[in-house]
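Dropping the structure in here first, questions after.
The values are calculated or read from the model by the stated rules, or taken from the named source; none is laboratory data. Note that the structure is predicted; figures quoted are calculated from it, not measured. Because the Cβ atoms are built from the backbone with ideal geometry, glycine has one as well, and the counts that use them run over all protein chains shown. Accessible surface is based on the protein model in full, side chains and every heavy atom, while ligands, DNA and RNA are left aside. Shrake-Rupley method; radii C 1.70, N 1.55, O 1.52, S 1.80 Å.
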Amino acid sequence: MTRQTSDALYERASKVIPGGVNSPVRAFRGVGGTPVFFKDADGAYIFDVDGNQYIDFVASWGPMLQGFSYQPVVDAVREQAQLAMSFGAPTEIEVKMAELICDLVPSVEKVRMVNSGTEATMSAIRLARGITGRDKIVKFEGGFHGHGDSLLVKAGSGVLTLGLPDSPGVPADLAQHTLTVPYNDLNSVERVFDTFGQAIAAVIVEPVAGNMGCIPPLPGFLEGLRSQTTDHGALLIFDEVMTGFRVAPGGAQELYNVRPDLTTLGKVIGGGLPVGAFGGRADFMDQLAPVGSIYQSGTLSGNPLAMKSGYALLSSLDTDQYSTLERQTTRLVIELKERAATNGINVTINNVCAMFSIFFTEQPTVTRFSEVIAADSDRYRKFFHGMLAEGVYFAPSPFEAAFVSTCHTDAILDATLTAVDKVFPTLA
């Protein structure tokens with residue numbers, strides 16, 4: 001499998017783009033080698049600039065629930081592009097999108113559109129600080145909530161991949177307001193609240209961690225966060241940029257029946273186009289300008305292309321499709337575990353509905369950051385490149401989740417497992 005054109009493009013890109021990429025995790029630093037440049041996609045398949053075909057488990061980092069080039073989304077974007085691509089002014093489609101989100105997400109009574117997940121989390125934290133009059137926030141080790149200054153402390157995703165637990169450029173005076181505790185460790189959360197309770201504005205959490213790999217919440221963890229924040233007058237923010245509409249129609253908060261005060265969204269709600277949103281209780285959201293005094297804005301927020309794309313995707317989903325997503329993901333995970341055992345390879349594989357992660361580790365469970373970084377990242381590197389050579393594309397980092405779409409049929413899973421049968425023996 002040749003990738004000469006990809007290599008040439010990367011060389012060109014490195015001269016004009018920092019690191020040759022526009023987001024660090026694309027740089028292959030976590031697995032070695034040079035990134036693949038892609039050209040087109042269809043269903044569960046993506047095609048690079050050299051004409052190679054891959055079964056895809058990255059799904060543009062989550063939003064492609066119905067696979068690539070899903071016709072209702074393509075038609076919606078084409079229709080809107082012919083009308084206008086942007087106004088910077090109100091449109092009906094953003095109202096329809098907001099109504100749909102409020103109908104689907106249990107805790108959201110009002111929602112504001114933004115342009116990225118980072119914008120959504122930054123804005124939600126500002127809102128929480130404005131509501132409570134407090135400065136400190138609590139986040140979890142390995143949790144990634146975008147690249148806002150308050151959040152680049154022991155972060156996951158690309159920060160973890162590159163080995164940068166904190167980022168230069170974040171003022172120490174600001175970073176001191178971020179309290180970091182282990183994910184799935186409720187005792188640590190309780191101790192933080194015992195010490196700083198009156199100063200904590202909010203706890204922000206991925207209800208299913210996805211930026212240090214897929215880590216489900218332990219029983220009682222989310223409920224404990226809800227109790228602690230309520231008891232101490234802090235807000236609970238669910239970062240559902242990844243899990244929103246991917247693990248259930250109403251996100252992880254529906255799946256686990258825990259209601260946050262604020263929710264951040266992204267990825268799926270744009271159908272593949274850049275987008276973000278944050279929402280929650282009406283009395284909280286009404287403290288935003290222009291109704292309230294807490295300022296937040298975005299010139300192109302609610303962009304009609306992204307709204308039309310996301311609306312078409314969300315409107316296409318039903319409970320039967322989520323059942324299919326869970327069934328196919330579970331089947332793949334079970335068979336991966338069986339093949340690993342046959343080849344004497346120690347793995348732990350976590351999955352929640354249509355997202356999963358493979359950890360090469362002897363630990364029977366992976367529930368927190370310290371267990372993630374203890375896994376064998378070199379073996380993941382070999383797995384990644386082996387699967388890539390066999391035409392299967394996983395995330396180029398051991399610290400990212402994998403995603404299944406409704407286009408991942410039994411035949412496509414069979415082809416994936418055929419590739420695994422070739423690669424796993426080389427890892428033993």
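Which of the pairs 15/39; 96/308; 337/382; 382/422 have their Cα atoms more than 19 Å apart in this structure?
Too far apart for the 19 Å limit: 15/39.
Based on the mean of other Cβ atoms within 10 Å per residue, sort peptides 130-143, 405-418 so the most packed one is first.
So the order, starting with the most tightly packed, is 130-143, 405-418.
Sticking with this one: What value, in deg cm²/dmol to 500, does the helix sum -39500 (n - 2.57) over DSSP H runs of n ≥ 4 give at 222 nm once divided by the residues of the chain?
Taking each H run of at least 4 residues, the total per residue is -11500 deg cm²/dmol.
Would you please give the FRET efficiency between residue 421 and residue 40, computed as 1/(1 + (r/R0)^6) with r the Cβ-Cβ distance and R0 = 35 Å, to the nearest 0.05?
0.80
Which order do 183, 311 take when ranked by solvent-accessible area (1.4 Å probe, heavy atoms of all protein chains), largest first?
311, 183
Assign unit charges at the C-beta atoms only (+1 for Lys and Arg, -1 for Asp and Glu), then state the dipole size of region 41-135 relative to its Cα centre in Debye, rounded to the nearest 20.
The calculation lands at about 560 debye.
Could you work out how far apart the two model spin labels at residue 373 and residue 79 are, taking each label as a point 7 Å from the Cα in the direction of the beta carbon, and quote it in nm?
4.9
Hey, can you rank 226-234, 387-395, 7-15 by average C-beta count inside 10 Å, highest first?
So the peptides 226-234, 387-395, 7-15, ranked by packing, come out 387-395, 226-234, 7-15.
Based on the mean of other beta carbon atoms within 10 Å per residue, what is the order of 17-23, 199-205, 289-295, 397-403, most packed first?
397-403, 199-205, 17-23, 289-295
How much accessible area does residue 256 have with a 1.4 Å probe, in Å² rounded to the nearest 10?
60
State the extension gain, in nm to one decimal, for the chain segment bounded by residue 362 and residue 195, taking 0.36 nm per residue of separation less the distance between their alpha-carbons.
The span from residue 362 to residue 195 would gain 56.5 nm if fully extended.
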